[in-house]
1. Conditions: (1) crowded, with 22+ Cβ neighbours inside 10 Å; (2) free of Cβ contacts under 8 Å to residues at least 60 places away in the same chain. Residue 171 meets all but one. Number of the miss?
2. Taking the stated definitions as given, is residue 63 free of Cβ contacts under 8 Å to residues at least 60 places away in the same chain, under 27 Å from residue 199 (Cα atoms), among the acidic types (Asp, Glu) and more than 16 Å from the ligand (Cβ to nearest atom)?
3. Among the residues of the stretch 84-110, write down those that are outside any helix (DSSP H, G or I) and crowded, with 21+ Cβ neighbours inside 10 Å.
4. Is it true that residue 73 is more than 15 Å from the chain's Cα centre (by Cα), closer than 30 Å to residue 154 by Cβ and charged (D, E, K, R)?
5. Kindly indicate the residue of the stretch 1-34 that is under 19 Å from the mean Cα position of the chain (by Cα) and away from the ligand (no atom under 14 Å from the Cβ) and also farthest from residue 95 (Cα to Cα) among those meeting that condition.
6. Among the residues of the stretch 139-187, what is the count of those that are within 16 Å of the ligand (Cβ to nearest atom), closer than 11 Å to residue 24 by Cβ and of a type in the set (Ser, Thr, Tyr)?
7. Report, ordered by the first and then the second residue, all pairs with beta carbons closer than 8 Å, sequence separation of six or more or different chains, a first member in the stretch 32-47 that is on the phi > 0 side of the Ramachandran plot and exposed (fewer than 15 other Cβ atoms within 10 Å of the Cβ), and a second member that is of a type in the set (A, V, I, L, M) and not in a loop (DSSP other than H, G, I, E, B).
8. Looking at the structure I just gave you, is residue 116 over 16 Å from the mean Cα position of the chain (by Cα) and within 13 Å of the ligand (Cβ to nearest atom)?
Amino acid sequence: MAKVLLINGSPKEHGCTYTALKEIAETLTKEGVESEIYHIKNDTAGCRDCGYCAKKGRCSIKDDVNVLAERLDEFDAIVLGSPVYYAGPSGQVCAFADRFFYSNAARMAGKLGASVVSCRRGGASAAFDRLNKYFTICNMPLVPSQYWNQVHGFTPEDVRRDEEGLQTMRTLAQNMAWLLKCINAGRMAGTEKPVYEPHLWTHFIMPPSERCGCALHPACHLNPISQHGYEGDGFGQDIGLRGSREGNADFTPTDEGAVTPPSSGKRLTRRRF
Ligand SMILES: Cc1cc2nc3c(=O)[nH]c(=O)nc-3n(C[C@H](O)[C@H](O)[C@H](O)COP(=O)(O)O)c2cc1C
C-alpha cells in the first residue's frame, strides 16, 4: 500500500496546520492510502552548508532530518504543512526542508509532493509557492487541488469552520491517492521512472571550465580557474559561496555531529545549486 508522509511544520503539534493535515490523512485512509503525520521539533537548525551530506549521505546535524531520511523509502509522497508567518512558511519548516531536501535530493525523485499552508488572513499563496519550490527542484510531481492548498484560521476550531479550505484538503488527498494508484498501475505494466541525464550546472553564463565559483567578483570568469582562488575571509560563507560538495569537503565533524567550517585560504570550486 502506498504511504504518504505529512510534515507538520508548525510549532503547535495540534494547531491549524495539523487540522488541515488530518483532513488529508482521513481522506487518504478512505481512499486506501496509508499516511503518517510527523511533527518536526521546534529547535530544528538551519543548513550550515558544510558539505557533510555530499560526502556522508546524511546531514551533519542529528535531528528530525536524519530520522526521516532513514525512513524515506517508506514514503511515496510528501506533504509539507506550515503556518503562514509574515507571508512565508514558518522558519522551522524552512530550516527542516532546506536540509531534508538538500541532503536527500536524489532520493526524492518520483515521489509526489504537495504543500499545505494555514493562515489567519493573508500571505497564503506566497508561502505555498515557496514550499512548492522544494518539490519542483527534485523531480517530484506536484499534486493539485481545486484551489491553492490553504486553510484559514487562528485556532483549529476556526479551521474546522473553513468548509472550502477543508474541501480543498480532501480534493488534494483524492488527487494524491488517484495519482499514486496510477503510478503503481504504470509500474505494474512496465513503465519505469525516467533515467535522467547527468545534471548540468552552468551558472547561466560561464562555461564550467572558466568558473571558480567566486560570485564576489563579477569578472572572475575572465580568469582561468587555475589562477583564481578564494581568500577565505569568511565573507563568501555568509552568502553561500563555499566550495562544491565534491571539491571542498574539508569539514571536521565532531562527536556531536557539529561541523567546523573550512579553514581560510581554501580554493573555491563550483557550487551545486
Ligand atoms: C510569527 C507569526 C507570523 C504570522 N504571520 C501571519 C501572516 O503573515 N498572515 C496570516 O494570515 N497569519 C499570520 N500568522 C497567523 C498564523 O499563520 C495562523 O494563525 C496559522 O493558522 C497558525 O497555524 P498553526 O496553528 O498550525 O501554528 C502569524 C503567526 C505568527 C506566530
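The values are calculated or read from the model by the stated rules, or taken from the named source; none is laboratory data. Note that this is a predicted model, so its numbers are computed, not measured. For neighbour counting, all protein chains shown are included, and Cβ atoms are generated from backbone atoms with ideal geometry for every residue, glycine included.
1. (1)
2. no
3. Here is the first cut: in the stretch 84-110, the residues outside any helix (DSSP H, G or I) are 84-90, 104, 109-110.
Correct list: 84, 89, 90.
4. Numbers: more than 15 Å from the chain's Cα centre (by Cα): yes; closer than 30 Å to residue 154 by Cβ: no; charged (D, E, K, R): yes.
So residue 73 does not fit the description; no.
5. Filtering the stretch 1-34 for residues that are under 19 Å from the mean Cα position of the chain (by Cα) and away from the ligand (no atom under 14 Å from the Cβ), the one farthest from residue 95 (Cα to Cα) comes out as 3.
6. 1
7. Within 8 Å, the pairs are 32/177.
8. Spelling it out, it is not the case that residue 116 is over 16 Å from the mean Cα position of the chain (by Cα) and within 13 Å of the ligand (Cβ to nearest atom).
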